[in-house]
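Data first, discussion second: the structure below is written as structure tokens.
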Amino acid sequence: MASKPLKEDPTDKDLVVGPPKRSAVGLPSLIHSMPLAWEEMGPQRGLKTLLHMNQKDGFDCMSCAWPDPPDRKVAEFCENGAKAVSWEADTLTVPTTFWAEHPVSALRERSEYWLGQQGRLIEPVYKPAGFDHYRPISWDNAFGIIARELNALDSPDEATFYTSGRASNEAAFAYQLFARAYGTNNLPDCSNMCHESTGKAMAESIGVGKAAIHYEDFAKADLIIIMGQNPGTNHPRMLTALEEAKLAGTQIVAVNPLLEAGLINFKNPQRPRGLIGRGVDMADQYLQVRLAGDMALLQAVSKRVFEAEDAAPGSVLDHKFLREHCIGLQEYREHLSTLKEADVLAATGLESAQIDELTRRYLAAENVIITWAMGLTQHKKAVPTIKEIMNLLLLRGNIGKPGAGPCPIRGHSNVQGDRTMGIWEQMPEDFMDRLAAEFDFNPPRKHGLDAVQSIQAMHEGKVKVFVALGGNLVSAISDTAVAQQAMAATRLSVQISTKLNLSHAHVGEAAIILPTLGRSDIDVQASGPQFVTVEDTLCAVHASQGRVQPVSQDMRSEVAIISDMARAVLGDGHPIDWEGFRDDYDVIREHISHVAEGCEGYNVKVRRLGGFILAHPPRDERRFPTPSGKAVITVNELEALELPPGRLILQSLRSHDQFNTTTYSLNDRYRGIKKGRNVIFVNPDDLRELGFADGGYVDVHSESADGHDRVMRQLRLVTYPTARGCAAAYFPEANVLVALADTAEDSNTPVSKSVIVRLEHALAPDFAASR
Ligand SMILES: Nc1nc2c(c(=O)[nH]1)N[C@H]1C(S)=C(S)[C@@H](COP(=O)(O)OP(=O)(O)OC[C@H]3O[C@@H](n4cnc5c(=O)[nH]c(N)nc54)[C@H](O)[C@@H]3O)O[C@H]1N2
Ligand SMILES: Nc1nc2c(c(=O)[nH]1)N[C@H]1C(S)=C(S)[C@@H](COP(=O)(O)OP(=O)(O)OC[C@H]3O[C@@H](n4cnc5c(=O)[nH]c(N)nc54)[C@H](O)[C@@H]3O)O[C@H]1N2
Ligand SMILES: [Mo]
């Protein structure tokens, strides 16, 4: 009993704004997820699917990269995981008649919500150049067109191959190999917009860009600092790990401009206390830092650590660790001695006493974990900010010991694995050497284009073919109007997708959509049923096997699509055994074991129940694979974000009922928002000062250095507990405000969390007219 496709695009006419919640999860979340699962999958398929999720013999949840606990419960999923799988395992399908009824130009006017609600894509479709409709096409003809276009380019660098972080390790490995065998390193991915800043910063500081802790370390930590992350919505099962830590005596500090429900209190539905009690209080200290103020905060804490050491020499810093494992201590100490408290207070919006308290907590703790996500990575100074996390941890040896370490929390469920498999426009030389040796060819060595650079190159006509393994780049990247023009300037765009989104509507002259199996679907190839493998944010690699019957026999797995596309493009005589890849994923895994770092014996290790954990030298043995062989304490020049008078800093973030560009519903329960998304959250004092009132409507103009006026119209003002001078609106809609060139230094990640904006009075939207 599948839901019917959404008829009309909903408007905000029924928008309700209530008070924000002060507690996350509990009974309401399960009540909220079950009807959705039943509606989209039916009761039997729904229950069976949910119970297989995240089990050792089941499939990995596609919602986020949070790890599975060593001991699984019967129901090992969260509300938002249930939404993700219900959305994917939908029994509703896009009918063949859809394509004739909906011209591509009309699809461009639809919302992401409407598009996603049309059901699963089940047949390849093709929009020839000069036509406004897709039409069904055979798989072979689709591959033929792709081959013709790719082989007609003057250089392989005129094509770009995007990946979203849901692709399995097997698909990712085959895909990067295909792109490189074709001849380009243009392998942009969602990570370019996500944790790229993390990878850059950690690689320089400690030589590895991944979290340096194990799951069990949360409960062993004395202090966990959670910065720029909203786990209650985006990594809900993290709350269970935090609850266990709290019950074991761990303290928690939250650093976030917004008061987020999940960081205040958690009612665990799997415990009696959660169902009927008052739950567990999370943050012992909550620092409502100003947007982009974290670098100043971290430097201020480190400076106080040095002052404590000066007051009691030999007793504060971990001298043995610093001597044996680090370089740069003295320069850092001298640099921080010039840090001015007034600058720190201006940048953070905090009081000295709050920073003193955080420092006291840091110094009282033997073992400290710091976690972070998009609140830190999407700023101009994201890379140096994350390097300051490393500095602070290194001062007291908080790495490579139980209960301590840096812990970036990754987003897409396999974004980390995709990188391990070679999805990166700048893979290191040793990987390329192994790839060359394994397949006996010369992969291109020149670095390729990242996501922002790919859009720029398409816009300039330098990249002419765009291929995407999942995702929705047009909506996910900054500067929506430019992204749409960039896509329209290509000769051919190809999307390998499960469901419709705006990247199927803003397309090249010609466009192809290839429908793929999702993670929950049963995948059978010539050698029998297949499983795939994934890596979570704590470096655990394990198998994932789909358990539900695909809704159509004409969909193909990602591996099959990539293999057949490679065969068509590279020719039948190509030395790489693409057919072997498709017929038996063990063949791919055998190659992975020779090429990807730490994956020796891959086929054996991933067959162990629960998989294996990749080696991580800093975590495992305090060995730092940097050029000097030591962890590097870095000196970073503080540069605060200048806020001109009468302006606000805007961040774009996720509601509770969305997955990136996918909208599950128009609600954001924890923030008190129902049935609408066109809102902007502002501190009540700022609203008053700027001459606006709660409930009024504004146009939001962004002010980028390029002088171009970018605007988001008719947002409803919502007063909200956020730091002074700061505002928030929903991603992906707010991407219209971010200039493509406004990116983080070193990582080129769009600055989605610090856009300078000006509000202007606007009329309330006329909902009757928009119907
Ligand atoms: N249900 C669900 N789960 C998801 C996703 C989803 O869309 N839906 N997306 C997945 C993906 S790809 C990712 S990357 C993750 C994203 O997970 P998050 O990073 O939690 O996602 P955001 O909604 O962007 O939230 C950013 C948080 O950082 C805070 N913040 C913003 N700017 C600053 C700042 O300058 N300083 C500090 N200290 N805090 C700041 C915001 O107030 C907010 O709480 O979630 C993953 N999981
Ligand atoms: N302003 C602003 N912009 C942002 C962010 C922000 O916080 N603010 N966050 C950034 C971040 S962290 C990220 S990760 C990116 C996300 O960027 P993307 O990864 O490109 O976007 P998604 O919305 O996750 O992609 C959703 C689409 O993927 C397809 N899909 C889903 N499952 C599968 C599958 O199993 N296989 C295949 N082949 N396709 C599938 C569906 O067609 C679906 O519509 O957005 C970034 N953009
Ligand atoms: Mo992400």
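Taken together, the values in this text are just the output of simple stated rules run on the coordinates, not laboratory data. All figures in this text were calculated on a predicted structure; none of them were measured in a lab. In this analysis, Cβ positions are derived from the backbone assuming ideal geometry, glycine residues included, and neighbour counts consider all displayed protein chains.
Quick check on the chain: helices-only [θ] at 222 nm, where DSSP H runs of length 4 and up contribute -39,500 (n - 2.57) each and the sum goes over total residues. Nearest 500, please.
For the chain, the value works out to -10000 deg cm²/dmol.
Treat the count of other C-beta atoms within 10 Å as a stand-in for reagent exposure and order Val532, Val452 from fewest to most.
Ascending number of Cβ neighbours within 10 Å: Val452, Val532.
Suppose the chain between Gln285 and Lys73 were pulled fully straight at 0.36 nm per residue; how much longer would it get relative to their current alpha carbon spacing?
Here the segment from Gln285 to Lys73 would lengthen by 73.3 nm.
Can you give the net charge of the other residues whose Cβ lies under 15 Å from the Cβ of Lys630, counting K and R as +1 and D and E as -1?
Once positives and negatives cancel, what remains is 0.
Just subtract the alpha-carbon distance of Ser105 and Asn442 from 0.36 nm times their residue separation and send over the number in nm, one decimal.
Going from the current span to full extension adds 117.1 nm.
Hey, can you grab everything whose amide H is under 5 Å from the amide H of Gly672? Only 5+ residues off in sequence or another chain; H modelled, so Pro and N-termini drop out.
Lys21
Which links in Lys73/Lys246; Lys83/Lys380; Lys7/Lys675 stretch past 26 Å when you go from one Cα to the other?
Where the Cα-Cα span goes over 26 Å, the pairs concerned are Lys83/Lys380.
Hey, fewest Cβ within 10 Å first, where do Asp189, Asp709 land in order?
In order of increasing Cβ crowding within 10 Å: Asp709, Asp189.
For region 580-612 and region 469-521, what is the separation of their Cα centres, given in Å?
Comparing the Cα centres of region 580-612 and region 469-521, I get a distance of 30 Å.
Under a point spin-label approximation (7 Å from Cα along Cα-to-Cβ), what is the Glu689-Ala312 distance to one decimal in nm?
3.9 nm
Which of the three applies to region 588-632, rounded, prolate or oblate, going by the alpha-carbon gyration tensor with a ≥ b ≥ c and a/c under 1.5 meaning rounded? Can you show the working numbers first?
Details: a/c = 5.23, a/b = 1.98, b/c = 2.64.
Note, shape of region 588-632 comes out oblate.
In which sequence would Cys190, Cys599 go, from the one with the fewest C-beta neighbours within 10 Å to the one with the most?
Cys599, Cys190
Could you tell me which residue out of Ala526, Leu502, Leu258 lies farthest along the dipole of the chain toward its positive end? Charges go on the beta carbon: Lys and Arg +1, Asp and Glu -1, centred on the Cα centre.
About the Cα centre, the residue reaching furthest to the positive side is Leu258.
Considering the options Ala181, Ser191, Gly209, tell which one lies farthest towards the positive end of the dipole of region 168-230, charges being +1 on Lys and Arg and -1 on Asp and Glu at the Cβ, about the Cα centre.
The Cα lying farthest towards the positive end belongs to Ala181.
Please report, in debye to the nearest 20, how large the charge dipole of the chain is about its Cα centre when each Lys and Arg carries +1 at its beta carbon and each Asp and Glu carries -1 there.
Here the chain has a charge dipole of around 1800 debye.
Calculate the length of the line joining the C-alpha centroid of region 700-771 to that of region 632-646, in whole Å.
21 Å
Report the gain in length on full extension from Asp430 to Asn603: 0.36 nm times residue separation, minus Cα-Cα distance, nm rounded to one decimal.
Numbers: separation 173, 0.36 × 173 = 62.28 nm, distance 2.20 nm.
Contour length minus the Cα-Cα distance gives 60.1 nm.
Sort region 61-191 into rounded, prolate or oblate with this rule: let a ≥ b ≥ c be the square roots of the eigenvalues of the Cα gyration tensor; rounded if a/c is under 1.5, and if a/c is not under 1.5, prolate when a/b is larger than b/c, oblate otherwise.
Because a/c hits 1.5 or more and a/b fails to exceed b/c, region 61-191 counts as oblate.
Within the set of other residues whose C-beta is less than 11 Å from the C-beta of Leu115, count the net charge using Lys and Arg as +1 and Asp and Glu as -1. Walk me through the numbers on the way to the answer.
Values: positive: Arg108, Arg110, Lys499; negative: Asp9, Glu109, Glu112.
Local charge sum for Leu115: 0.
Got a sec to turn the phi values of region 525-539 into Karplus ³J(HN,Hα) couplings, 6.51 cos²θ - 1.76 cosθ + 1.60 with θ = phi - 60°, whole Hz, x for Gly and Pro?
10, 3, 8, x, x, 10, 10, 10, 10, 9, 10, 8, 5, 9, 6
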